[in-house]
Amino acid sequence: MRAGIGYVHLIDDDEIEASNLQRQTLFLPEDVGQSKALTAAHMLARINPLIKTRGTVARLDEDNAYELLDMAAGKPDLLLDCTDNFATRDIINRISVRYQIPLLSASAIAMQGQLALFEPQLDTGCYHCVFGSVVLDEAADERTCANSGVLASTTAVMGNLQANTALQYLGLTKNLLTNKLLIWDGSQMQQRLMGYRKDPQCPVCSSPIVNPL
C-alpha cells in the first residue's frame, strides 16, 4: 500500500486473535476480537491516505463471488490469495478461472513458502494444475498456520515477495512467474523456481467456460 496501489478490497470473515499478532503485523493487541478485513482496511488507509480501501466481512465462495467482487462494475485486475488452507485456495482458484481474473497465490507454513501467479485468460494452467492431488487430500488441508505453526519472518518474506510480484504485474504487466512456482526455504536460506505445465485433464481450467459474466 505504501507503493500507491489505488484500490484494494479485503474480504475475510475471521476475527483477530492474539496468536495472529506475531505474523499479521497490521494488527495490534487492542484489535483482538475485531474484524480482520475492516481493521486491515482501516490501518492501510492510515498508512497511505491517498489510496482507497474497502473491507468486507464475508467468506468468498463461488456463489457470492460476483457480488462481493463487484463484477457489475468490472472485473478486478488481480486476485491475491493470502489464505492458509488448500480448500479455500481451491475455491479462489475456481473463481479466478470462472471469471478469467489473474490469481497471485502465496502460502507459508513453518519456515517454507510458495508463490505463483496464474493467468487463466492466457490458458497457461491454474492452481489446481499444480496442486490438484493435494487439494483433494483432506489430511493435507488440515495443515494451517494455526495448527502447524509458521515463523513470523516466513510470512513477512512471502508477503513481500507477493507484493513485489503484484506491483510488477499491475504496473508493468510483467509476470516473471509464468508457469513457474517459486519455493522459499527459510531453514536452508534457499529459493528456487520449479516449472509446471497446464494439465490438459484439469477439471477446473480445462473445462469450457460459458459466458462467466
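Every number in this text was worked out from the coordinates using simple rules, so none of it is lab data. Keep in mind that this is a model prediction, so the values were computed, not measured. Every residue, glycine as well, gets a Cβ built from its backbone with ideal geometry; the counts of neighbours run over all protein chains shown.
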Using a Förster radius of 30 Å, what is the FRET efficiency between residue 152 and residue 70 based on their Cβ-Cβ separation? Nearest 0.05, please.
0.35
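Based on DSSP, what percent of beta bridges with both residues in the chain are antiparallel, to the nearest 5?
Values: 18 of 27 bridges.
Approximately 65 percent, going by the DSSP bridge assignments.
Which FRET efficiency value, to the nearest 0.05, do you get for residue 21 and residue 100 by plugging their Cβ-Cβ distance into 1/(1 + (r/R0)^6) with R0 = 41 Å? Walk me through the numbers on the way to the answer.
Details: r = 37 Å, r/R0 = 0.90.
About 0.65, to the nearest 0.05.
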Residue 167-residue 13 pseudo-label distance in nm [points 7 Å out on the Cα-to-Cβ vector]:
3.4 nm
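Which of 94, 54 comes first, and how do the rest follow, when ranked by fewest Cβ neighbours within 10 Å? Write out the running numbers ahead of the final one.
Details: 94 19, 54 14.
Fewest-to-most ranking of 94, 54: 54, 94.
Where a ≥ b ≥ c are the square roots of the eigenvalues of the C-alpha gyration tensor, would you call segment 76-208 rounded, which needs a/c under 1.5, or, failing that, prolate if a/b is larger than b/c, or oblate?
On the way: a/c = 1.72, a/b = 1.22, b/c = 1.41.
It comes out oblate by the Cα gyration axes.
If you put +1 on each Lys and Arg Cβ and -1 on each Asp and Glu Cβ, how big is the dipole of the chain around its Cα centre, in Debye rounded to 20?
Numbers: 17 positive and 24 negative charges, 191 e Å.
Once rounded to the nearest 20, the dipole reads 920 debye.
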Label-point separation (nm) for residue 59 and residue 187, each offset 7 Å from Cα along Cα-to-Cβ?
3.1 nm
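With 10 angstrom as the radius, rank 17, 30 by how many other C-beta atoms surround their C-beta, starting from the fewest. It would help to have the intermediate numbers written out before the result.
Numbers: 17 13, 30 8.
By the 10 Å Cβ count, ascending: 30, 17.
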Net charge contributed by nearby residues that have their C-beta within less than 15 Å of residue 31 (K/R +1, D/E -1):
-2
With eigenvalues of the C-alpha gyration tensor scaled by 5 and rooted, segment 1-59, Å:
20, 13, 8
